[in-house]
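Chemist: Structure provided below as structure tokens; questions to follow.
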Amino acid sequence: MKAQLQMILEGYVGEVNDSQKKSLEVVLRNITKLGKLIEDILDLSRIEAGRIKLAFEHMNINGIVKEAIITQDSSATNKDIEISTKLADLPDIVGDPERLGQVIGNLLNNAIKFSKESGKVIIETKCLDIEGKENILFSITDYGIGISKADHEKLFKPFSQIDTSMGREQAGTGLGLAIVRGIIHAHNGKVWIDSESGNGAIFYFAIPTGQKVIEKEASYIR
């Protein structure tokens with residue numbers, strides 16, 4: 001459906017007038033949203049069933065951060081958002097680069113989406129000792145609308161969205177953060193938020209170092 005609509009909009013099957021073009025663009029946007037919803041539902045169903053397939057390898061999280069920034073560059077530019085980084089010299093971790101890229105891209109997209117025009121977003125990585133074990137800590141800070149403490153746990157539940165005027169304007173599938181949590185948990189990590197309403201937000205995730213791949217393309221690590 002999407003491919004056919006794009007062909008019609010580009011004039012491959014005949015001339016399209018302005019009114020028709022506007023209507024077709026609305027349909028295309030909604031099909032794109034529907035496609036994203038289907039992808040997210042499939043991801044979440046696999047996570048909840050414990051059947052998410054991860055291809056683990058030795059990797060460095062900083063490279064994934066840099067790729068995510070490039071991918072989100074146009075969204076940041078459209079809102080005049082400055083993205084700055086504080087990336088420490090990190091040891092490699094065992095992880096799935098594609099899935100962790102999905103996590104970081106999702107968190108960065110949210111930070112841009114809920115920031116005010118001409119705002120800024122800060123991404124930081126460093127090593128952190130958690131309960132006597134070395135972890136890689138990722139954090140992303142925005143200075144947008146913030147989230148009340150009462151809503152923190154709700155954020156990571158499927159189809160949960162915070163009821164703010166900006167939230168309604170920027171509404172997504174309500175599955176993104178549930179998927180983030182599932183992917184990080186599959187890496188034996190944890191994810192959390194520090195935020196208050198009106199004071200921006202900091203999202204964190206931590207993944208232990210020193211883990212080993214048990215088998216190629218395994219769905220778990222130790």
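The values are calculated or read from the model by the stated rules, or taken from the named source; none is laboratory data. Since the structure is predicted, the reported quantities are computational estimates derived from the model, not experimental observations. Using ideal geometry, Cβ is built from the backbone for each residue, glycine included, and neighbour counts are taken over all protein chains shown.
Chemist: Restrict the check to region 27-40 and report whether at least one residue is under 22 Å from HIS187 (Cβ atoms), out of contact with any Phe, Trp or Tyr (no Cβ under 7 Å at 6 or more places or on another chain) and in a helix (DSSP H, G or I).
Modeler: There is at least one residue in region 27-40 that is under 22 Å from HIS187 (Cβ atoms), out of contact with any Phe, Trp or Tyr (no Cβ under 7 Å at 6 or more places or on another chain) and in a helix (DSSP H, G or I).
Chemist: For region 45-62, how many residues meet the condition of being in a helix (DSSP H, G or I) and touching a residue at least 24 places away in the same chain (Cβ under 8 Å)?
Modeler: Residues flagged as in a helix (DSSP H, G or I) and touching a residue at least 24 places away in the same chain (Cβ under 8 Å) within region 45-62 amount to 4.
Chemist: Does LEU44 count as farther than 30 Å from THR209 by Cβ and surrounded by 12 or more Cβ atoms within 10 Å (Cβ to Cβ)? Walk me through how you get there before you give the answer.
Modeler: Values: farther than 30 Å from THR209 by Cβ: no; surrounded by 12 or more Cβ atoms within 10 Å (Cβ to Cβ): yes.
In short, no.
Chemist: Looking at region 156-169, which of its residues are surrounded by 15 or more Cβ atoms within 10 Å (Cβ to Cβ) and either more than 13 Å from the chain's Cα centre (by Cα) or at pLDDT below 80 (or both)?
Modeler: Correct list: PRO158, GLN161, ILE162, THR164, GLY167.
Chemist: Now for a separate question. I'd like the full set of residues that are over 18 Å from GLN211 (Cβ atoms), not in a loop (DSSP other than H, G, I, E, B) and not small (Gly, Ala, Ser), limited to region 63-82.
Modeler: Scanning region 63-82 gives VAL65, LYS66, GLU67, ILE69, ILE70, THR71, ASP73, THR77, ASN78, GLU82.
Chemist: Would you mind finding the one in LYS33, LYS79 that is surrounded by 11 or more Cβ atoms within 10 Å (Cβ to Cβ), outside the structural domain of ASN109 (by TED's automatic domain parsing) and under 30 Å from PHE156 (Cα atoms)?
Modeler: Just a single option satisfies the conditions, and that option is LYS33.
Chemist: Of the residues ILE8, ILE52, ILE70, ILE64, only one is surrounded by 14 or more Cβ atoms within 10 Å (Cβ to Cβ) and either basic (Lys, Arg) or closer than 18 Å to LEU107 by Cα (or both); which? Talk me through it step by step, then tell me what you get.
Modeler: Details: ILE8 fails: either basic (Lys, Arg) or closer than 18 Å to LEU107 by Cα (or both); ILE52 fails: either basic (Lys, Arg) or closer than 18 Å to LEU107 by Cα (or both); ILE70 fails: surrounded by 14 or more Cβ atoms within 10 Å (Cβ to Cβ).
Exactly one residue qualifies, and that residue is ILE64.
Chemist: So, in region 8-26, of the ones that are in a loop (DSSP other than H, G, I, E, B) and among the acidic types (Asp, Glu), which residue ends up farthest from LEU137 (Cα to Cα)?
Modeler: By that ranking, first place goes to GLU15.
Chemist: Can you name the condition, by its number, that ALA55 falls short on among (1) modelled with pLDDT under 90; (2) under 29 Å from VAL121 (Cα atoms)?
Modeler: Against the list (1) modelled with pLDDT under 90; (2) under 29 Å from VAL121 (Cα atoms), ALA55 comes up short only on (2).
Chemist: Right, something else. Between residues in region 138-150 that are touching a residue at least 40 places away in the same chain (Cβ under 8 Å) and more than 14 Å from LYS113 (Cβ to Cβ) and residues that are buried (at least 22 other Cβ atoms within 10 Å of the Cβ) and among the aromatic types (Phe, Trp, Tyr), which pairs lie under 9 Å by C-beta distance while being six or more apart or on different chains?
Modeler: PHE138/PHE203; PHE138/PHE205; SER139/PHE203; SER139/PHE205; THR141/PHE203
Chemist: For region 116-143, what are the residues that are modelled with pLDDT under 90 and within 20 Å of THR85 (Cα to Cα)?
Modeler: LYS116
Chemist: Go through the residues of region 125-138 one by one and say whether even a single one is of a type in the set (Phe, Trp, Tyr) and buried (at least 20 other Cβ atoms within 10 Å of the Cβ).
Modeler: For region 125-138, residues of a type in the set (Phe, Trp, Tyr) and buried (at least 20 other Cβ atoms within 10 Å of the Cβ): present.
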